[in-house]
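Everything on this sheet refers to the single structure shown next.
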Amino acid sequence: MLLAPVGSEVAFPNLDKFRHHVYSFSKGNKFELELYGREDKRSVTFKAAGTAALGCNIHDQMVAFVRVVDTPLAAKTDASGAAQIRNAPDGPAKLTVWHPYAKSKDQVAVSDVTVSPGATRVTVVIDVIAAAMRH
């Protein structure tokens, strides 16, 4: 998963020996990068906030996601599932957490939080589809 601001150009290099045909049919960020080979690179500019689910017409098992955001207050979790958002203004806020396999509507969980001076820690638990059930 890649987190990208609206308007970002994202490169899709081909670093292996197989040709790829990368696409997304996601609303607002539809594109198709027709067959390209080793050491070729194609780029796409993501113009709309939301999630672009990516696939490869040649390799069905290849799936990826670009979460396109329209705020500087966004972060991707690390390997332990923790993320830090810096410079959030103090006061009430909505915390939106997205996961590609969350069982919630649009794969989003929204929590009301209050940001206080110093560090505010929030724990969010998301119910996800089991790996064996994803394909």
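The values are calculated or read from the model by the stated rules, or taken from the named source; none is laboratory data. These figures come from a predicted structure and were not determined experimentally. Cβ: placed from backbone, ideal geometry, glycine included. Neighbour counts: every protein chain shown.
Brief remarks on what is shown
- Yes/no for P100 being outside the structural domain of F12 (by TED's automatic domain parsing) and under 24 Å from G7 (Cα atoms): yes
- The set of residues from segment 1-60 being under 18 Å from P72 (Cβ atoms) and assigned to a loop (DSSP other than H, G, I, E, B) comprises V6, G7, S8, F46, K47, A48, A49.
- Only a single item in (1) free of Cβ contacts under 8 Å to residues at least 40 places away in the same chain; (2) not assigned by TED's automatic domain parsing to the domain that holds V122 is not met by D90, and it is number (2).
- Residues of segment 51-64 that turn out to be under 13 Å from the mean Cα position of the chain (by Cα) and surrounded by fewer than 18 Cβ atoms within 10 Å (Cβ to Cβ), as a count: 3
For (1) among the hydrophobic types (A, V, I, L, M, F, W, C); (2) over 20 Å from A102 (Cα atoms), each residue gets a yes or a no:
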position: K27; (1), (2): no, no
position: K30; (1), (2): no, yes
position: L35; (1), (2): yes, yes
position: R38; (1), (2): no, yes
position: S43; (1), (2): no, yes
position: A48; (1), (2): yes, yes
position: T51; (1), (2): no, no
position: C56; (1), (2): yes, yes
position: D60; (1), (2): no, yes
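- Among all positions in segment 29-46, there is at least one residue which is within 18 Å of the chain's Cα centre (by Cα), over 25 Å from R134 (Cβ atoms) and outside the structural domain of V124 (by TED's automatic domain parsing).
- Hey, I85 at pLDDT 90 or above and over 24 Å from V22 (Cβ atoms) or not: yes
- Residue count for segment 86-135, restricted to those that are assigned to a loop (DSSP other than H, G, I, E, B) and either among the aliphatic types (A, V, I, L, M) or out of contact with any Lys or Arg (no Cβ under 9 Å at 6 or more places or on another chain) (or both): 23
- Number of the exception - T114 against (1) closer than 26 Å to M133 by Cβ; (2) of a type outside the set (A, V, I, L, M); (3) in contact (Cβ under 8 Å) with a residue 12 or more places away in the chain: (1)
- Pairs with Cβ under 8 Å, 6+ apart, first in segment 1-15 and closer than 14 Å to E32 by Cα, second assigned to a strand (DSSP E or B) and among the polar types (S, T, N, Q): V10/S43; V10/T45; A11/S43; F12/S43
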